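The values are calculated or read from the model by the stated rules, or taken from the named source; none is laboratory data. These numbers were taken from a predicted model, which means no experiment stands behind them. When we count neighbours, we look across all protein chains shown, and the Cβ atoms used for this are built from the backbone with ideal geometry, even at glycine.
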Amino acid sequence: MSSSSPSFAHVTSTNYTTWSSDVEAWLISQSLWRIVSGSQKHPELELPSASNNNPPSNSTTTSASAAAQANLREAKTLELQDIWDAKSNKAPGWIWLMLDQDQKTLVDGCKNDPCTMWTTLESTYHQKKAGSCFNAYDNLFFIRKSGDESLQSLINRVDGSMKLCQSLRPKDFNLKALDKELTSMVLIHTLPDEYSHFVSLLLLMDKLDTDTVQQVFSTEEIQRCRCAAEAVSIAASTPLQCKVCSHPGHAQSTCCTFAYAQRTARKQAALGGSWKQR
């Protein structure tokens, strides 16, 4: 890597927002961002029109001038194509070098196309789904100042976390949507660990709509009650069998064999204690 290479951290599964901002700024400084963003297309040579191909026979001077202009345009276009090709080769190379080894597999199939590489990373790490929003807000609300951290550093961390929350919002996001989203997040956040699988399913939703979340909660409650009733029914229909004597019809707590064994053990323990005292 050359001396002008960027020094910021490679992209990981947790730092995409910061990484993408840094990389975008660096690519802009290298005049490569327009190619990566797709705003600068490959220059195409303009073909001469039919009228230029068949000029009047009495306009030799005009024909020569048109041919000269066409040659000039072609030379200029070829020059621009060479510049574009050079940048198009550099851009994916730099993006590739800014990835950790685990992330390179995501763009291995498109590593010659910088625009596709960028959109692939964005679609992977910047998904505007319920899980991403929930985790972003969760991180925001649980930021705490570390022991030796400056207040300015704390402000920067909060600002960065807030920007991540904002970037995950849809274009039509408003205060009403925020109220619904926060209500849903509180509902999810109050669930204990035994609901972890249920929470994982909720976070796969496209958005945290209150009505939908409440409906899913109701469905989960019905399902859990049904499973509990089935478990009680199965337990009631299963005949008791003692684990000590293996006879059916009673449990270990009411087993005569077990009670006799306990009495015998206590007597032996008492006799052993008396012998030791002697």
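Here are the numbers for the structure shown:
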quantity: So MET185, is it surrounded by 10 or more Cβ atoms within 10 Å (Cβ to Cβ) and assigned to a loop (DSSP other than H, G, I, E, B); calculated: no
quantity: Yes/no for CYS242 being under 25 Å from the mean Cα position of the chain (by Cα) and surrounded by 14 or more Cβ atoms within 10 Å (Cβ to Cβ); calculated: no
quantity: Helices (runs of 4 or more DSSP H) contained entirely in region 69-142, each with at least 2 residues that are without any contact (Cβ under 8 Å) to a residue 24 or more places away in the chain, out of contact with any Phe, Trp or Tyr (no Cβ under 6 Å at 6 or more places or on another chain) and in the same structural domain as LYS41 (by TED's automatic domain parsing); calculated: 101-104, 114-125
quantity: Index of the failed condition, ASN139 passing every other in (1) over 18 Å from THR212 (Cα atoms); (2) exposed (fewer than 10 other Cβ atoms within 10 Å of the Cβ); (3) modelled with pLDDT under 90; calculated: (2)
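Every residue, every condition in (1) of a type in the set (A, V, I, L, M); (2) modelled with pLDDT of 75 or more; (3) farther than 21 Å from HIS10 by Cβ, yes or no:
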position	(1), (2), (3)
SER59	no, no, yes
SER65	no, no, yes
SER88	no, yes, yes
MET98	yes, yes, no
